[in-house]
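The values are calculated or read from the model by the stated rules, or taken from the named source; none is laboratory data. None of these values were measured; they are calculated from a predicted model. Backbone-built Cβ (ideal geometry, glycine too); neighbour counts: all protein chains shown. For accessibility, only protein heavy atoms count, side chains too; no ligands or nucleic acids. Shrake-Rupley method; radii C 1.70, N 1.55, O 1.52, S 1.80 Å.
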Amino acid sequence: MESTFIYIKNMVCDRCIMAVRSLLQEMGLEPLSVRLGEAELSRPLSAAGRASLDAALRRLGFELIDGRRERLAEQVKTLQAENEKLAANASA
């Protein structure tokens, strides 16, 4: 079976990763990996499953990203957050 990637908006920290991983597991979606801004699922989502996941993510302050431009913008934000975290750790 082929894995699939989903892209998620507003993930900025390790706690976000834990929240999204937990939600995916609760929904029975078997995440193979969860990182800032994306998750790899063990199987593709149906249209209904995608809509249900997006609604559940929105309740937690996240949302699914579909478009390439929006995905790139979110990746830039994620990199910026990671750089700020590294800079804070280096100055501590």
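Given their separation in residues at 0.36 nm each and the Cα-Cα distance between them, D14 and S91 gain 25.7 nm when the chain is fully extended. A 1.4 Å probe run over region 12-92, with the rest of the protein chains in place, finds 66 Å² accessible per residue.
DSSP assigns beta bridges within the chain; of those with both partners inside it, close to 100 percent run antiparallel.
Residue ranking by accessible heavy-atom surface, 1.4 Å probe, largest first, among L60, L23 comes out as L60, L23. Per-residue SASA remark: S46, around 70 Å² accessible (1.4 Å probe; ligands, DNA and RNA not included). For the chain, with all protein chains in place and a probe radius of 1.4 Å, 52% of the accessible heavy-atom surface sits on carbon or sulfur.
Charge tally around A90: other residues with Cβ under 15 Å, Lys/Arg +1 each, Asp/Glu -1 each, net -1. Given +1 at the Cβ of Lys and Arg, -1 at the Cβ of Asp and Glu and no other charges, the dipole of the chain around its Cα centre is 160 debye to the nearest 20. Sorting F5, F62 on solvent-accessible area from highest to lowest, probe radius 1.4 Å, gives F5, F62. For V12, the solvent-accessible surface with a 1.4 Å probe is about 90 Å², rounded to the nearest 10.
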